[in-house]
1. If we only count helices (runs of 4 or more DSSP H) wholly inside the stretch 47-132, which ones have 3 or more residues that are surrounded by fewer than 20 Cβ atoms within 10 Å (Cβ to Cβ) and touching a helix residue (DSSP H, G or I) at 6+ places or on another chain (Cβ under 9 Å)?
2. Tell me, yes or no, whether the stretch 23-34 has at least one residue that is within 14 Å of the ligand (Cβ to nearest atom), in a loop (DSSP other than H, G, I, E, B) and touching a residue at least 40 places away in the same chain (Cβ under 8 Å).
3. Out of (1) modelled with pLDDT of 95 or more; (2) over 30 Å from residue 51 (Cα atoms); (3) in contact with a strand residue (DSSP E or B) (Cβ under 7 Å, 6 or more places away or on another chain), the odd one out for residue 199 is which?
4. Of all residues in the stretch 215-253, count the ones that are assigned to a loop (DSSP other than H, G, I, E, B), farther than 16 Å from residue 181 by Cβ and in contact (Cβ under 8 Å) with a residue 40 or more places away in the chain.
5. Can you tell me which residue in the stretch 35-44 is farthest from the ligand (Cβ to nearest atom), limited to those that are in contact with a helix residue (DSSP H, G or I) (Cβ under 6 Å, 6 or more places away or on another chain) and under 15 Å from residue 231 (Cα atoms)?
6. Among 90, 62, 35, which is over 20 Å from the mean Cα position of the chain (by Cα) and modelled with pLDDT of 95 or more?
7. I'm trying to understand the selection: among the residues of the stretch 45-65, which are away from the ligand (no atom under 14 Å from the Cβ), under 22 Å from residue 79 (Cβ atoms) and touching a residue at least 12 places away in the same chain (Cβ under 8 Å)?
8. Take residue 142 and tell me if it is within 13 Å of the ligand (Cβ to nearest atom), touching a residue at least 40 places away in the same chain (Cβ under 8 Å) and part of a loop (DSSP other than H, G, I, E, B).
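The values are calculated or read from the model by the stated rules, or taken from the named source; none is laboratory data. Note that the structure is predicted; figures quoted are calculated from it, not measured. Every residue, glycine as well, gets a Cβ built from its backbone with ideal geometry; the counts of neighbours run over all protein chains shown.
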Ligand code: SF4
């Protein structure tokens, strides 16, 4: 005799929630910072999101119920964003959450660096389905230079470049973001190569943003008892930010700003 049991809802681990996010996709957004990240970017201002299997548990429906309270503020452009940490560590949870969002007409965005991407068929099966429910990916490309990427993040970048190519294959709209850090990512030769790579992604790229490095998360390192790796590194000057915008041809994508 076979017995059927009700399927347990998948549980997501959430670090924190932001009700009125204005920098994580179009319009005003309800941002879920999901817990867990395997990268160790030297400039990370959220080291408290690194620990895996920590955070507050939510079912997809519970998270949606929280998000939808803010719907009156979203207008036509706003909606929900999953950020982190690295949100795609919990892609199965996001998939179920976004299914509920789309069934309710809510726009969906993921802010990721693609650091967990793989062409493994099981991985792709979930990822392919997730993209069907995802309006926009904010893709953080941290360093095009493989050696500098590794010393900056403790991870190679070949699978991240492949993730961007996969998004092109899937015709997935993206915004590319690049954190500009003096002595780490602010080299003309790397910026030029990154600009060419972004161009090669074609018209899936709707916007390119330079995010100037800042030190606002330094206090978290002190709280966690971790040595801050960029001690003494300043924010980039306005001129270097302009230079990076020129080399990444940011203006070329401005026409798509308000997708
Ligand atoms: S990928 Fe994001 S959360 Fe992870 S270490 Fe880098 S900046 Fe921090």
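1. Values: elements: 60-67, 91-103, 121-132.
Here the list reads 91-103, 121-132.
2. Yes; the residues of the stretch 23-34 include at least one that is within 14 Å of the ligand (Cβ to nearest atom), in a loop (DSSP other than H, G, I, E, B) and touching a residue at least 40 places away in the same chain (Cβ under 8 Å).
3. Going through (1) modelled with pLDDT of 95 or more; (2) over 30 Å from residue 51 (Cα atoms); (3) in contact with a strand residue (DSSP E or B) (Cβ under 7 Å, 6 or more places away or on another chain) one by one, residue 199 breaks only (3).
4. Step one: of the stretch 215-253, the residues assigned to a loop (DSSP other than H, G, I, E, B) are 215-217, 225-237, 248-249.
Filter again for farther than 16 Å from residue 181 by Cβ, leaving 225-227, 249.
Next, from what is left, pick out any that are in contact (Cβ under 8 Å) with a residue 40 or more places away in the chain: 226, 249.
Qualifying residue count for the region: 2.
5. Looking at the filtered set, the residue picked out is 42.
6. Result: 62 is the single residue among 90, 62, 35 that is over 20 Å from the mean Cα position of the chain (by Cα) and modelled with pLDDT of 95 or more.
7. Within the stretch 45-65, the first condition is being away from the ligand (no atom under 14 Å from the Cβ), and the residues that meet it are 53, 56-65.
Remaining after also requiring under 22 Å from residue 79 (Cβ atoms): 56, 58-65.
Scanning the stretch 45-65 gives 56, 58, 59, 60, 61, 63, 64.
8. Values: within 13 Å of the ligand (Cβ to nearest atom): yes; touching a residue at least 40 places away in the same chain (Cβ under 8 Å): yes; part of a loop (DSSP other than H, G, I, E, B): yes.
For residue 142, the condition - within 13 Å of the ligand (Cβ to nearest atom), touching a residue at least 40 places away in the same chain (Cβ under 8 Å) and part of a loop (DSSP other than H, G, I, E, B) - is met.
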